Amino acid sequence: MKRRFVETIALALLRGTAFAVLLATILLIGSIVRGGAGVITWEFLSATPTEGMTHGGIFPAIFGTICITLLMIVMALPLGVCAAIYMVEYAGSSGLARVIRASVNNLAGVPSIVFGLFGVGFFILFIGRSIDRVRGGGLLFGQPAMLWAAATLAVLVLPVIIVNTAEALTAVPRSHREASFALGATRWQTVRRVVLPQARAGILTGSILSVSRGAGETAPILFTGCAYFLPRLPIVHLGVPFTGLSVPMVNPLDQFMELSYHIFIMATQSTDAAATRPIQYGTTLILVALTFILNLAAISLRVRYRRGLESR
Amino acid sequence: MKSSAMVTPRPAREAVSNASPAKVAFGGVSFSYPGRQALSGVTLDVPERRVTAIIGPSGCGKSTLIKSINRIAEIGTEVKVEGRVTIDGQDVYAPGVDLVDLRRRVGMLFQKANPFPKSIFENVAFGPRIHGASRAGDLDQAVERSLRQAALWDEVKDRLGTSAMELSGGQQQRLCLARVLAVDPEVILMDEPCSALDPISTARIEELIEELRERYTVVIVTHNMQQAARVSDRTAFLLNGQLVEVDDTETIFTTPADRRTEDYITGRFG
């Protein structure tokens, strides 16, 4: 009798917590959608902020977010995948491998503001200023820029990519590696032709998840490149020699606006925070939607990957 | 179909002791993994173009014995090898041995069929490709020849592009054999190749082994005494990492010299 009573209580508690999580999510998304859906118009998505950010759109922030995310993934993905391949396929369980594994795990636990400060100290003041000194002719690299912000974010998402890639590599059956070695393949041929093709979907899923983590971060870019207000886009027109034409190109040395930072600025730094509230909601909705789409993409990839494995 | 071989004993073959030169030779080989010795002092000649069966109870070192020939046993672990394992007189553990070349010469079929999750064609073409073949004509030729040799061509010739994972277990194992044959090995190692297969698929593999002995040196590890009796010319009995006895299969199964061999093949232990 007593056991059954405890069982009922336990079930009620567990079910309650599960519903609490669900409820919190619904409330959060609900309030964002309710507050933000009304301001989403074509103009909101395509115009620049005006009148102290109380009017206009958020296009420069959307553009900046997309640019910096792409730049981040271009930097982090090759580095992370290579490190994971080394860890799983080459290093085995040697002392060096253990040290690398430990530092990756530690890197994953560092608060993001620390990455922001590291970005200023390492990328801007050390690397950037060094380049400027060698180059001569004033400050160009040694100041906050999209390049450094993306590099800082890349360091932040590196552990996510490494861990996910390592997991995808480890999931490839040992028997396939053995078969490859037994046919006379070298280690690299085995990685390149047997392991990577099978791990590709898993690696892709991991990197998309890392993008959705990085895209929403504010702290790492706070000091490294994002701008309070920049009505123009970080674009430079490069002349094509002998043609007289000029091609617009994203300028990685320019500053940029970014969605999460834009929300932070409007909420805390605006002269009229109350007047920016609808825009804050709208911006948040767009940011959440972007991350949500990326997560959906990762999930559908994973589902397709699993299904692919089963049919094999 | 020669599935009748399942029930009637194979006609006696000419005695092979001293009739064929040793292709692979073990000279006092001791092999240990960290904290575990798998082989101790094994001396064994594997005659060329013959089928040699290795029998013995689980954990007696059968797999290690054959995996020490193509040096697959050492992957992902540390091993200590004493004595000499030679192919055509060359020590495979000598410093400077090219593992890629060694493993091209010594192919291996595993306990469980392990085709790559690629197309049938790509599975067979894998070996030639990693060894540098790239001309489409050469690859087509190698794939067809190997699949024919593995008696799989007629079943798959119209669907070379489909995934190897759609084949049955027996077909997968024959595909793995074709994959091995495509790199033109001299020695083929088989680690209980039929243990996961049904009797009919097993019979087909055994027929293939019969054909392979004309061109290749085959070493097969098996748990199945009847299989050893059916397919092999020589049989070696291994117990606790030591070679108890090796002789013509006929002799081992009729008049074994060692009491332990007799006990094992008559099913008194193991």
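All of the numbers you see were taken from the coordinates with simple rules; none came from a lab. Remember, it's a predicted structure, so these values are computed and weren't measured experimentally. As a convention, Cβ positions derive from the backbone with ideal geometry for all residues, glycine included, and neighbour counts pool all protein chains shown.
Points worth noting:
- Anisotropy class of chain B from Cα gyration tensor, a/c 1.5 cut: oblate
- Burial ordering of A:MET87, A:MET75, fewest other beta-carbon atoms within 10 Å first: A:MET75, A:MET87
- Three-way shape label, chain A, alpha-carbon gyration tensor, a/c 1.5: oblate
- Relative contact order computed over the stretch A:37-311 (Cα-Cα under 8 Å; 6+ residues apart), in percent: 26
- Residues of type lysines that B:LYS67 reaches as a straight line, Cα spacing below 24 Å, ignoring anything fewer than 8 places off in the same chain: B:LYS23, B:LYS80, B:LYS112
- With helices as the sole contributors, chain B gives -9500 deg cm²/dmol at 222 nm; each DSSP H run of n ≥ 4 counts as -39500 (n - 2.57), and the sum is divided by every residue.
- Counting only DSSP H runs of at least 4 residues, each contributing -39500 (n - 2.57), and dividing by the residue count of chain A, the helix-based mean residue ellipticity at 222 nm comes to -21500 deg cm²/dmol.
- ³J(HN,Hα), Karplus 6.51/-1.76/1.60, whole Hz, each residue of the stretch B:102-113, x for Gly, Pro: 4, 6, 6, 7, 10, x, 9, 10, 9, 4, 10, 3
- Sequence-distant residues sharing a close amide H with A:ILE235 (under 5 Å, placed H): A:ASN251
- Close amide H partners of B:VAL29, meaning residues 5 or more places away or on another chain with modelled amide H under 5 Å apart, are B:GLY41, B:VAL42, B:THR43, B:ARG84.
- Sequence-distant residues sharing a close amide H with B:ALA236 (under 5 Å, placed H): B:ALA53, B:ILE54, B:ILE55
- In order through the stretch A:200-212: 3J(HN,Hα) via Karplus (6.51 cos²θ - 1.76 cosθ + 1.60), integer Hz, x for Gly, Pro: 3, 4, x, 5, 4, 4, x, 6, 5, 4, 5, 5, 5
- ³J(HN,Hα), Karplus 6.51/-1.76/1.60, whole Hz, each residue of the stretch A:283-298, x for Gly, Pro: 5, 4, 4, 5, 4, 4, 4, 4, 5, 4, 4, 5, 5, 4, 4, 4
- Degrees between helix B:199-212 axis and first principal axis of chain B (Cα, 0 to 90, nearest 10): 90
- Counting only residues at least eight positions apart within a chain, or on another chain, the aspartates and glutamates with an alpha carbon under 14 Å from that of B:LYS62 are B:ASP191, B:GLU192, B:GLU245.
- Length gained when the stretch A:ARG101-A:ARG135 is fully extended (0.36 nm per residue, less Cα-Cα span): 8.5 nm
- The residues A:ASP132, B:ASP140, when put in order of fewest to most other Cβ atoms within 10 Å, stand as B:ASP140, A:ASP132.
- The chymotrypsin sites (Phe, Trp or Tyr not before Pro) of the stretch B:164-270 that DSSP puts in a loop, and whose beta carbon has at most 13 other beta carbons within 10 Å, are B:PHE269.
- Among B:TRP153, A:TRP188, A:TRP42, sorting on how many other beta-carbon atoms sit within 10 Å of each Cβ, with the fewest leading, yields A:TRP42, A:TRP188, B:TRP153.
- In the stretch A:237-312, chymotrypsin sites (Phe, Trp or Tyr not before Pro) in a DSSP loop with at most 16 other beta-carbon atoms within 10 Å: A:PHE242
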